[in-house]
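Data block below; observations after.
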């Protein structure tokens, strides 16, 4: 079913309002625990406003021990909105989620530009709608999707700049350089990849250098936390540990599994008949990374959902898409109900049940990956589908 852009944007507005209603309970109650977990309306936005002393006007990276745990663009957004908004956590929360709602409209628009026949699925995806206002990730997702859109239209310089901005907002998009490199390799344009990489790196350096040079320890805190953290909520390693399989050297195992997954992806992309588009392959690298990482935050579904939508081939894929969304929604409530039990709620989800649901979510994402990979391999027209719609073709 294909609908117009106005319908997609209207659905996005309605979804933003539904998500606001879900999160507004916590706003009204002051984000008290365990209530914020029982009602599944926890958000990092009010939590970090006080914990990182943004309410006192402190620069996001001024403290080595208490700097925000995000790259610099996201940290700057957190700080600027705190400086500009009248004092008070409720005002801070509402202005930030208003900006996030506008970003969701933009993301819906870009999704329509890339995949108009399935764009309506994004604002209808229940797990994504339930997660809209958990934190600031939509800022990075918006620039990442714009980078994908421009890349597949062969506007490589703006794509590289946008990817550098996205990596400076949330580090995850750096993994897109892997399929991008393979696409250039398949096109036999290695020099163009070198230029793309250098522009992306230069953008990242230009954005990060002022913060690194002035508050290096605060800048480094995000990277240090990610390098040194153990297995955490939502990861396969945390779930297996809770189920009695205590694997040692989990950092090495995570890296090893990531390398295996990336190798399998490289082999898959290299054996395709034609060079793939980034729009159709970005979902693969993100599912691999998130399946083996040491943490899976509830808002990560916001990264996967638009990428899954633009990777769909036809309506035969809808069943697996909504099955995966259902498993993500199940996990969304499982993590909050488990945290409710941890923070003293009378009722909650035991750790064993939470861990089983974690594994179900991971299995569903891998099923989605396998389904899309098989469909793309079988459909010989998919690599050029996007470019055909824009009147372009591969050389």
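Sub-9 Å Cβ pairs linking a first residue in the stretch 190-212 that is at negative phi and in a helix (DSSP H, G or I) to a second residue that is at pLDDT 95 or above and surrounded by fewer than 12 Cβ atoms within 10 Å (Cβ to Cβ), at least 6 apart or interchain, are 195/157; 196/157; 199/157, ordered by first then second residue. Scanning the stretch 31-61 for residues that are on the phi > 0 side of the Ramachandran plot and in contact (Cβ under 8 Å) with a residue 60 or more places away in the chain yields one hit, 40. Listed by position, the helices (runs of 4 or more DSSP H) enclosed by the stretch 314-394 that each have at least 2 residues that are buried (at least 21 other Cβ atoms within 10 Å of the Cβ), modelled with pLDDT of 95 or more and in contact with a helix residue (DSSP H, G or I) (Cβ under 8 Å, 6 or more places away or on another chain) are 318-342, 351-378.
Would you pick out the residues in the stretch 247-269 that are in contact with a helix residue (DSSP H, G or I) (Cβ under 8 Å, 6 or more places away or on another chain) and at pLDDT below 90? Passing the criteria: 247, 250. When we screen 181, 206, 194, 201 for residues that are surrounded by fewer than 18 Cβ atoms within 10 Å (Cβ to Cβ) and either closer than 20 Å to residue 259 by Cβ or in contact with a strand residue (DSSP E or B) (Cβ under 8 Å, 6 or more places away or on another chain) (or both), the only hit is 181. Restricting the stretch 55-81 to residues that are modelled with pLDDT under 95 and assigned to a helix (DSSP H, G or I), the residue that is farthest from residue 24 (Cα to Cα) is 56. All conditions but one from (1) more than 21 Å from residue 77 (Cα to Cα); (2) modelled with pLDDT of 95 or more apply to residue 206; the one that does not is (1). Among the residues of the stretch 283-295, is any part of a helix (DSSP H, G or I), modelled with pLDDT under 95 and within 29 Å of residue 251 (Cα to Cα)? The answer is no; no qualifying residue exists.
Rundown of residues vs (1) over 21 Å from residue 5 (Cα atoms); (2) free of Cβ contacts under 8 Å to residues at least 12 places away in the same chain; (3) crowded, with 19+ Cβ neighbours inside 10 Å, yes/no style:
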{"position": "77", "(1), (2), (3)": "yes, no, no"}
{"position": "82", "(1), (2), (3)": "yes, no, yes"}
{"position": "88", "(1), (2), (3)": "yes, yes, no"}
{"position": "96", "(1), (2), (3)": "yes, no, yes"}
{"position": "103", "(1), (2), (3)": "no, no, yes"}
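The numbered conditions (1) outside any loop (DSSP other than H, G, I, E, B); (2) at pLDDT 95 or above are all true for residue 223 except (2).
With respect to residue 10, determine if the residue is in a helix (DSSP H, G or I) and free of Cβ contacts under 8 Å to residues at least 12 places away in the same chain. Taking the combined requirement at face value, the residue satisfies it. Just one of (1) touching a residue at least 40 places away in the same chain (Cβ under 8 Å); (2) surrounded by fewer than 24 Cβ atoms within 10 Å (Cβ to Cβ); (3) not in a helix (DSSP H, G or I) fails for residue 92. It is (3).
Listed by position, the helices (runs of 4 or more DSSP H) contained in the stretch 117-187 that have at least 1 residues being within 26 Å of residue 221 (Cβ to Cβ) are 138-152, 156-167, 177-186.
Being crowded, with 19+ Cβ neighbours inside 10 Å and more than 16 Å from the chain's Cα centre (by Cα): is that true of residue 257 here? So residue 257 fails the test.
Taken over the stretch 229-270, the criterion of being without any contact (Cβ under 8 Å) to a residue 12 or more places away in the chain and either touching a strand residue (DSSP E or B) at 6+ places or on another chain (Cβ under 7 Å) or in a loop (DSSP other than H, G, I, E, B) (or both) is satisfied by 244, 245, 246, 247, 248, 249.
Residues in the stretch 28-56 that are in contact with a helix residue (DSSP H, G or I) (Cβ under 6 Å, 6 or more places away or on another chain) and under 13 Å from residue 88 (Cα atoms): 5 in all.
The values are calculated or read from the model by the stated rules, or taken from the named source; none is laboratory data. Every value quoted in this text rests on a predicted model; they were computed, and no experiment measured them. When we count neighbours, we look across all protein chains shown, and the Cβ atoms used for this are built from the backbone with ideal geometry, even at glycine.
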